[in-house]
Amino acid sequence: MAAASGSGEDLPSGGDGPVDDVPTGEIPTDLNPHPADAIYADGPSTSELDLADVTAEGTDAAAPSSADDPAPAASDREAEAPDPQKAAEPDHIIREPDDIGSDTTDDEGGRARRVGPEGETRPMESSGRPTPKAALVYNPIKVDAATLRDTVTRLAAEAGWSEPLFYETTVDDLGDDVTREALEEGVDTVLVAGGDGTVRAVSEAMSGSGVPLAIVPSGTGNLLARNLKLPLAEPETMIRAVFDGDELSIDVGWTELARPDGTTAEHAFVVMGGIGLDAAMIANTNPQLKKTVGWVAYVDGAARSLPAAKPFRVVYELPGHRLHSSRVQSVLFANCGKLPAGLDLIPEASVADGALDIVIFQPKGPFGWLFVWRRVAWDNSFLRRFRAGRRVLSLRTKDNAVVYSRGAGIELATHEARPVQLDGDEFGEALSVKTRVEASALRVVVPKGHTTDGL
């Protein structure tokens with residue numbers, strides 16, 4: 001026999017000992033009461049309730065009728081009963097909707113009002129059903145602002161969307177703050193037009209929001225647009241995709257930087273970040289030259305940085321792996337693998353695999369950089385595209401000038417502070433770097449039917 005509710009013990013069954021009869025409605029004295037039984041602890045027992053019912057029934061049956069209030073005769077009761085057929089007949093009254101009182105408060109125009117927290121009337125921004133609204137965040141230095149705003153306004157009107165919102169970036173606000181303002185306004189899509197730094201800042205603010213991001217290629221690098229294979233010379237195509245395109249979920253990388261002064265800061269990246277020589281090259285690139293000739297200006301930065309480049313020791317660890325120590329020139333953590341000029345730094349990198357690709361540059365001596373250049377510019381960017389080239393690579397002796405790895409992130413620390421870059425922008429110096437990946441955190445707009453194979 002199963003234990004009584006809440007007892008936690010079993011009653012003895014037949015053959016194991018005598019079973020005492022427990023009156024109905026009472027809890028056996030040898031069982032611990034269940035907390036739920038306390039709800040009924042002060043009420044009458046079942047036997048008391050049964051007795052009360054019997055007494056009440058007997059009292060009603062035996063109660064004599066009062067002389068002053070004699071019971072009505074059967075014929076009188078039948079006369080007072082309503083006729084079911086007449087009761088079911090309609091009353092021939094036609095009721096209009098206006099005859100029924102409204103359960104809402106209407107204004108003078110007969111339409112619902114918008115009210116504030118205290119019930120005060122507030123103006124309605126628009127009548128009818130709400131329509132979707134887009135926001136454009138752009139760098140006024142990188143784009144033709146007037147033309148871009150006109151195009152977005154025109155295509156939004158053609159699609160039946162509300163008038164879009166426009167936000168300009170500044171030196172102090174690269175785009176993340178104004179993007180958060182746009183999200184607070186409840187926009188349905190955010191368009192970004194600017195360089196890689198603007199795209200990174202806007203992506204940081206939109207990560208995890210669920211609102212799609214449309215990238216209008218602008219600026220010099222357009223690295224995320226290149227890796228997504230978006231049309232780089234057709235801004236109107238990308239703007240139209242907001243209203244009739246598809247969406248792709250991509251990963252977002254996050255980097256926590258520990259500064260020499262003891263402070264920490266966390267920033268997002270959508271292409272790649274790094275510590276060491278790559279960041280020094282970006283820091284040494286002439287901004288005016290970059291504005292004039294684009295990504296080629298990084299060659300100037302490399303020429304300024306390489307002569308003074310010295311390897312430095314890092315201690316690093318990937319999740320699930322043991323701690324390593326090595327002398328390196330640079331450590332990259334990447335979400336994408338393609339660079340300008342068709343260079344394929346990480347051929348297998350994917351923006352949607354939920355992982356980051358780690359690249360460690362550790363060339364030995366001056367000739368070591370020749371192995372680095374051969375790996376990136378020749379092996380990855382050319383030979384790997386052909387079957388014969390891949391066969392050549394399989395026969396080549398492996399060198400350790402470039403070491404690849406993949407995982408959920410990387411933690412590393414240095415003895416001296418080193419420069420850091422994220423998506424091509426310098427982010428000062430750091431003593432330690434801790435990266436992680438947020439899988440499928442950003443929804444990106446792509447043109448209708450855009451191929452996403454290999455992304």
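The values are calculated or read from the model by the stated rules, or taken from the named source; none is laboratory data. Owing to the predicted nature of the structure, the values given are computational and were not obtained by experimental measurement. Cβ atoms come from the backbone with ideal geometry, glycine included; neighbour counts cover every protein chain shown. Side chains included, ligands, DNA and RNA excluded: accessible areas come from the protein's heavy atoms. Shrake-Rupley method; radii C 1.70, N 1.55, O 1.52, S 1.80 Å.
For segment 140-227, pairs of C-alpha atoms spaced more than 16 angstrom apart make up 53 percent of the total.
Scalar couplings 3J(HN,Hα) for segment 426-442, obtained by applying the Karplus form with A = 6.51, B = -1.76, C = 1.60 to θ = phi - 60°, are 6, 10, x, 10, 9, 8, 8, 9, 10, 10, 8, 10, 10, 5, 6, 7, 10 Hz; x denotes Gly and Pro. In the context of the full set of protein chains, residues of segment 397-451 present 49 Å² of accessible surface per residue (probe radius 1.4 Å, heavy atoms only).
Simple spin-label estimate for ASN400 and SER249 gives 4.0 nm between the two label positions (7 Å along the Cα-to-Cβ direction from each Cα). Annotation: amide H-H contacts under 5 Å for VAL446 (H modelled 1.01 Å from N, sequence separation of 5 or more, or interchain): ASP246, GLU247, LEU248. The order of the peptides 169-178, 312-321 by mean Cβ neighbours within 10 Å, most packed first, is 169-178, 312-321. Residues whose amide H falls under 5 Å from that of THR220, counting only those 5 or more places apart or on a different chain, are ASP196, with hydrogens built in the peptide plane. Packing-based ranking of 328-337, 189-198, 361-370 yields 189-198, 328-337, 361-370, ordered from highest to lowest mean Cβ neighbour count within 10 Å. In this simple spin-label model, placing a label point 7 Å from the Cα along the Cα-to-Cβ direction at both VAL171 and ALA157 gives a separation of 3.7 nm. Computed over protein heavy atoms with a 1.4 Å probe, the carbon and sulfur contribution to the accessible area of segment 306-431 reaches 57%. Surface composition of segment 145-251: carbon plus sulfur atoms hold 44% of the accessible area, using a 1.4 angstrom probe and ignoring ligands, DNA and RNA.
In this simple spin-label approximation, ALA146 and HIS321 carry label points 7 Å from Cα along the Cα→Cβ vector, and these lie 5.4 nm apart.
When the pairs LYS398/LYS434; LYS364/LYS398; LYS142/LYS434; LYS229/LYS364; LYS229/LYS398; LYS142/LYS310 are compared against a 25 Å limit on Cα-Cα distance, LYS398/LYS434; LYS142/LYS434; LYS229/LYS364; LYS229/LYS398; LYS142/LYS310 fall above it.
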